[in-house]
1. Convert 4 °C to kelvin, take the viscosity as 1.567 mPa s, use the Kirkwood radius over C-alpha pairs of the range 37-123 as Rh, and evaluate the Stokes-Einstein diffusion coefficient in µm²/s, rounded to a whole number.
2. Probe radius 1.4 Å, ligands and nucleic acids left out: which of His79, His72 has the largest accessible area, and how do the rest follow?
3. Okay, which of the range 183-220 sit inside 12 Å, backbone N to the point 7 Å along the Cα-Cβ direction of Asp82?
4. For the range 64-112, what relative contact order do you get, as a whole percent, if you take Cα pairs closer than 8 Å and at least 6 residues apart?
5. Please state the charge dipole magnitude for the chain, taken about the Cα centre, from unit charges on C-beta atoms (+1 on K and R, -1 on D and E), reported in debye and rounded to the nearest 20.
6. If I take every Cα pair under 8 Å that is 6 or more residues apart in the chain, average their sequence separation and divide by the length, what percent do I get for the relative contact order?
7. 222 nm [θ] for the chain, helices only, -39500 (n - 2.57) per DSSP H run of 4+, per residue, to 500?
8. Test of understanding: express the Cα radius of gyration of the range 122-220 as a ratio to 2.2 N^0.38 Å, with N the residue count.
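The values are calculated or read from the model by the stated rules, or taken from the named source; none is laboratory data. Here the structure is a predicted model, which means the values were calculated and not measured. Using ideal geometry, Cβ is built from the backbone for each residue, glycine included, and neighbour counts are taken over all protein chains shown. We work out accessible area using only protein heavy atoms, side chains counted, and drop any ligands, DNA or RNA first. Shrake-Rupley method; radii C 1.70, N 1.55, O 1.52, S 1.80 Å.
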Amino acid sequence: MPESLSVLDAVPDWLGWLPPRLVAVDVETTGLSGADRVVSFGAVALATASLATGTPEIACHHLIFDPGRASHPMAEAVHGYDDWLLRHQDPVGAHAGALADLLAGADLIVAHNAAFDLGFLDRELAAAGLPPVAAKVYCTMEAYRRRGEKGRAALDAVCRRIGIARVGARHGALEDAWLALRAYLWLQACPVAVARPELAAPSNLRPAPPRPDGPLPPRP
């Protein structure tokens, strides 16, 4: 399928059923329980009309937070941020208003396993005294299952099915948001590929001082 469309082409059918502005999101967390917290947030906002030009217009958002607790060892192995680094970051609440504004401006929010990502985001917003996400949400995992594809519906498996993959073994929130976006566009029969964004460090990342010897002191 073609990677781009001529601006002289008629508006394709698939563009007619896409929302004007969608935001694909992903969060990395300290673990899987209701008491766990968000460690990092990634989002890729797309103006879908730009797909027809073959040069998609995207805006990327990538943030890191102090979750106020240590990550489960398995979660830390996934996201790669140790507790010493995280202790020197902003709490989620310092950016909750900006996150709420970003999500409120979406016609559609896309996520893979959306119940997980939006559940964590809603809890963080509630902790900051803000209402839950009100925008319509599309789960690429559930849509892939409804499509009747064989095998697993995990993000890595879906990406293998459509011929893309993450750069490394670790899960980065921004890259996984982009992968969810690519999965969504594939599910919508959109032939235009949104290029992988630059996978830079979170925009609000603060360097940590030298790590002390021995075990870290208890968190306050």
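1. Values: Rh = 14.6 Å.
Roughly 89 µm²/s, to the nearest whole number.
2. From most exposed to least exposed: His72, His79.
3. Within reach of a label on Asp82: 208-216.
4. Working: 27 pairs, mean separation 20.3, N = 49.
Once divided by the residue count of the range 64-112, the mean separation gives 41 percent.
5. Values: 20 positive and 24 negative charges, 99 e Å.
The calculation lands at about 480 debye.
6. Numbers: 387 pairs, mean separation 57.9, N = 220.
Rounded, it is 26 percent for the chain.
7. Numbers: 8 runs with 69 residues, N = 220.
So the calculated ellipticity at 222 nm is -8500 deg cm²/dmol.
8. Working: Rg = 18.4 Å, N = 99, 2.2 N^0.38 = 12.6 Å.
It is 1.46.
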